[in-house]
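The values are calculated or read from the model by the stated rules, or taken from the named source; none is laboratory data. None of the values given here were measured: they were computed from a predicted structure. Cβ coordinates were reconstructed from backbone atoms using ideal geometry, including for glycine residues, and neighbour counts include every protein chain displayed.
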Amino acid sequence: VTGAEPDVLRAVCKELGIDDIKGIKVPYESMIPSLQAKRVDVIAAGLFMKQSRCAEVVYSEPVIVSTESFGVPPGNPNGILTVQDVLDNGDLKIAVLPGGFEEGILNSAGVPKGQQVSVNDNISGVEAVKTDRADAFFLPTLSLEDLEKTVGGFEITPVVEDAPKTGSGAAWGKDQQSAVDEYNVELEKFKASDGFDEVMDKWGFDPDAARGVTARELCQVEG
């Protein structure tokens, strides 16, 4: 099993004297049940934090933190930088993925459904902006950066400051708090090292995004 979180888990566990780690692939929806049934000892697979999950597991401090941005026409003609900008201009149309985190952000902020344009996938979101069906596409910054490389033809705004961050870390059973506390001590050291930067860069994540953000903060995300 490979990826940013498994690589970080291996590095931190090595510092704790744990070298024998066996990766087991399970369906996303079965991760927490598998942990609760003790079929696995820890989850390190991008299980993003939110209130309902934090009530069921104990998370380490975050390893991957995702920010949000808007994909807009070149030059950002409507000056869309924040969710408040969308609220202030009822003529703006924002493309979102149905059921996605970004749709939830707009709904929580009170952006009317009439200002939201549902798209089937990321490519459709970019096309909605290019064809003027939408003034912006609301998506994680990293996802937009990938689209910029593969599709192009749009501009990415700076991180949306009034959108909540999301993030993931390793997750343990509720009876493993002491183990998580020990893990977090070594994780903090690793996150301050070049080794952490190398792992994050390898997998296309921003290492700085996970610094200065806490699991307690990310566990406040609704859902």
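Scan the stretch 27-35 and tell me whether some residue there is outside any helix (DSSP H, G or I) and farther than 23 Å from LYS191 by Cβ. Checked against the condition, which is being outside any helix (DSSP H, G or I) and farther than 23 Å from LYS191 by Cβ, the stretch 27-35 yields at least one hit.
When ALA128 is tested against (1) of a type outside the set (Lys, Arg); (2) outside any helix (DSSP H, G or I); (3) buried (at least 20 other Cβ atoms within 10 Å of the Cβ), only condition (2) is not met. Kindly establish whether PHE137 is closer than 25 Å to VAL65 by Cβ and touching a Lys or Arg at 6+ places or on another chain (Cβ under 8 Å). Considered against the rule, which asks whether it is closer than 25 Å to VAL65 by Cβ and touching a Lys or Arg at 6+ places or on another chain (Cβ under 8 Å), PHE137 comes out as no. Considering (1) in contact with an Asp or Glu (Cβ under 9 Å, 6 or more places away or on another chain); (2) hydrophobic (A, V, I, L, M, F, W, C); (3) surrounded by 21 or more Cβ atoms within 10 Å (Cβ to Cβ); (4) at pLDDT 95 or above, the lone condition that CYS13 does not fulfil carries the number (3).
The requirement of being of a type outside the set (S, T, N, Q) and assigned to a helix (DSSP H, G or I) is fulfilled nowhere in the stretch 158-174; no residue meets it. For the stretch 51-72, a tally of residues being buried (at least 17 other Cβ atoms within 10 Å of the Cβ) and not in a strand (DSSP E or B) returns 8.
On the stretch given as the stretch 152-180, residues that are of a type in the set (A, V, I, L, M), surrounded by 20 or more Cβ atoms within 10 Å (Cβ to Cβ) and more than 30 Å from VAL83 (Cβ to Cβ) total 2. From the list ALA11, ALA95, the lone residue that is in contact (Cβ under 8 Å) with a residue 24 or more places away in the chain, farther than 27 Å from ASN122 by Cβ and among the hydrophobic types (A, V, I, L, M, F, W, C) is ALA11. Looking only at residues in the stretch 65-88 that are of a type in the set (A, V, I, L, M) and at pLDDT 95 or above, which one is farthest from ILE123 (Cα to Cα)? Residue satisfying both the conditions and the ranking: LEU87.
Within the stretch 48-62, does at least one residue satisfy the condition of being within 22 Å of ASP162 (Cα to Cα) and free of Cβ contacts under 8 Å to residues at least 24 places away in the same chain? Looking for residues that are within 22 Å of ASP162 (Cα to Cα) and free of Cβ contacts under 8 Å to residues at least 24 places away in the same chain, one finds none in the stretch 48-62, hence no.
Quick grid of which residues meet (1) in the same structural domain as GLU56 (by TED's automatic domain parsing); (2) part of a loop (DSSP other than H, G, I, E, B); (3) in contact with a helix residue (DSSP H, G or I) (Cβ under 8 Å, 6 or more places away or on another chain); (4) among the polar types (S, T, N, Q):
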site: LEU147; (1), (2), (3), (4): no, no, yes, no
site: ALA179; (1), (2), (3), (4): yes, no, no, no
site: TYR183; (1), (2), (3), (4): yes, no, yes, no
site: GLU186; (1), (2), (3), (4): yes, no, yes, no
site: LYS189; (1), (2), (3), (4): yes, no, yes, no
site: ASP197; (1), (2), (3), (4): yes, no, yes, no
site: MET200; (1), (2), (3), (4): yes, no, yes, no
site: GLY204; (1), (2), (3), (4): yes, yes, yes, no
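For PHE138, the stated conditions hold: it is assigned to a strand (DSSP E or B), surrounded by 13 or more Cβ atoms within 10 Å (Cβ to Cβ) and touching a helix residue (DSSP H, G or I) at 6+ places or on another chain (Cβ under 7 Å).
Remark: THR214 falls outside the filter, which requires a residue to be closer than 30 Å to ASP91 by Cβ and either acidic (Asp, Glu) or in contact (Cβ under 8 Å) with a residue 60 or more places away in the chain (or both).
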